[in-house]
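Asks: Can you keep this structure in mind? I'll have questions shortly.
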Amino acid sequence: MKARVHVMLKAGVLDPQGEAVRHALGTLGFSGVDGVRQGKVIDLELAETDAQKARAAVEEMCEKLLANTVIERYDIEIG
Amino acid sequence: MKSAVIQFPGSNCDRDLAMALNRVGGAGPAQIVWHKETSLPAGLDLVAIPGGFSFGDYLRCGAIAARSPITRAIVAFAKRGGHVLGVCNGFQVLTEAGLLPGALMRNANLKYICRTVGLRVDTTDSAFTAGYAPGQEIALPIAHHDGNYTADADTLARLEDAGRVAFRYTDNPNGSAGDIAGILSANRRVLGMMPHPERASETAHGNTDGAVLFRSLADAMAPA
């Protein structure tokens, strides 16, 4: 079973890298980009075949390692 | 003072930190402890986590090191009231391990900054800072890409109210909240700081402002 985790900075946490990308897009002539937020995608290959159990396991992985919940939030896609 | 310096793959200030600790003397030289160890040497007064790029800063700075076998032992040591010092990447490890609140984000200007900066000693109420004068202005080198301290408003208020900000930048280089350069745990025995006191601890460095921190620790740990 496959799982995909999206990790993003929480709303309200300034994303200096996203801001830099926004400025660079402006420099390239892409006007009208009001905001850029940069995150990461983590793909997992799981031995688990039960979607519910897989989700619970990945959630624990996010809480313990994959995301720093002080500044980041995460979304999990299963399958 | 009996101390240990933790070594992760990618640590690069471990020997400097050990030398700074050895310079203030104590019960034998600082022991270097590899991260795969599951326990700390017996009878330690201080555990020091050095700067560097543990595990190549993969995932997040300090994230993998904070889940290393030795870190479990460090957390237990701190919970028993042991003193822990984290410098630079060591500070990042301490926040990732949950021993200090908040997080260290990418510098606001997105640049790796390597230079000496001005700091104000915000509290002398700790074994680390007792040797400084209250409000003393000192200079220490910084060398980091992710030193932009952040925490939610409640946490920041709690740190300020309890006088847990140990060092503050006099001219904020990285965007950190409240100009914070270093903070203490609630029991004041865990210190995380981005500046490098070990790089300003002997006359050959051209600056000995950092030596005071190590001297303070040695004095605090000296048998009564």
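The values are calculated or read from the model by the stated rules, or taken from the named source; none is laboratory data. Note that the structure is predicted; figures quoted are calculated from it, not measured. Neighbour counts are summed over all protein chains in view; Cβ atoms, including those assigned to glycine, are modelled from backbone coordinates with ideal geometry.
Asks: If I filter the stretch B:117-132 for residues that are of a type in the set (Phe, Trp, Tyr) and under 17 Å from the mean Cα position of the chain (by Cα), do I get at least one hit?
Replies: Start the filter on the stretch B:117-132 by keeping residues that are of a type in the set (Phe, Trp, Tyr), which leaves B:128, B:132.
In the following step, the residues that additionally are under 17 Å from the mean Cα position of the chain (by Cα) were identified as B:128, B:132.
Taking every residue of the stretch B:117-132 in turn, at least one turns out to be of a type in the set (Phe, Trp, Tyr) and under 17 Å from the mean Cα position of the chain (by Cα).
Asks: Could you tell me which of the residues A:Gly35, A:Gly29 is at positive phi and surrounded by fewer than 12 Cβ atoms within 10 Å (Cβ to Cβ)?
Replies: Numbers: A:Gly35 fails: at positive phi.
Going through A:Gly35, A:Gly29 in turn, just one is at positive phi and surrounded by fewer than 12 Cβ atoms within 10 Å (Cβ to Cβ): A:Gly29.
Asks: Considering only strands (runs of 3 or more DSSP E) fully contained in the stretch B:32-117, which possess at least 1 residues that are within 14 Å of chain A (Cβ to nearest Cβ), modelled with pLDDT of 95 or more and buried (at least 17 other Cβ atoms within 10 Å of the Cβ)? Let's see the steps before the verdict.
Replies: Values: elements: B:46-49, B:83-87, B:103-105.
So the answer is B:103-105.
Asks: Another one. When you look at B:Arg106, is it charged (D, E, K, R), touching a helix residue (DSSP H, G or I) at 6+ places or on another chain (Cβ under 9 Å) and more than 22 Å from B:Ile6 (Cβ to Cβ), yes or no?
Replies: On the way: charged (D, E, K, R): yes; touching a helix residue (DSSP H, G or I) at 6+ places or on another chain (Cβ under 9 Å): yes; more than 22 Å from B:Ile6 (Cβ to Cβ): yes.
For B:Arg106, the condition - charged (D, E, K, R), touching a helix residue (DSSP H, G or I) at 6+ places or on another chain (Cβ under 9 Å) and more than 22 Å from B:Ile6 (Cβ to Cβ) - is met.
Asks: To continue, here is another question. For B:Ser11, which of the numbered conditions (1) surrounded by fewer than 16 Cβ atoms within 10 Å (Cβ to Cβ); (2) under 23 Å from A:Asn68 (Cβ atoms) fails to hold?
Replies: (1) is the only condition that B:Ser11 fails.
Asks: B:Ala153 - would you say it is within 14 Å of chain A (Cβ to nearest Cβ) and touching a Pro at 6+ places or on another chain (Cβ under 6 Å)?
Replies: On the way: within 14 Å of chain A (Cβ to nearest Cβ): yes; touching a Pro at 6+ places or on another chain (Cβ under 6 Å): no.
In short, no.
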